[in-house]
Amino acid sequence: MSALSFLNKTRQFWNETIEQVWTKAVWPTPKKLVQSTFVVMVFIAILSACVFVFDFSMHELVRCVTRLVVH
């Protein structure tokens, strides 16, 4: 495969990709985008709280076990 053939195929790929993005993709409305962003942020907050509780619990459990072993 020559370099020119590779460049032509690459150009064709990008042209088709851009065409599909602008003609076939469905873009959300600004209102829907804000709603989706809010849902993601709430989910991240809930997930972060769960990770914090689990991490804190494991930290305290390890601390209690090491206190029992050391003393």
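Side notes on the structure shown:
- Degrees separating the helix 30-70 axis from the principal Cα axis of the chain, which is the longest one: 30 degrees
- In the chain, helices alone account for a calculated mean residue ellipticity at 222 nm of -31500 deg cm²/dmol, with every DSSP H run of four or more residues adding -39,500 (n - 2.57).
- Loop-located trypsin sites (Lys or Arg not before Pro) in the chain (DSSP state other than H, G, I, E, B) with a sparse environment of at most 16 neighbouring Cβ atoms within 10 Å: 24.
- The C-alpha atoms of the chain define a longest principal axis, and helix 3-23 lies at about 70 degrees to it.
Where a number appears in this text, it was derived from the coordinates with a stated rule and is not lab data. Keep in mind that this is a model prediction, so the values were computed, not measured. All Cβ positions, even for glycine, are placed from backbone atoms using ideal geometry, and neighbour counts span all protein chains on display.
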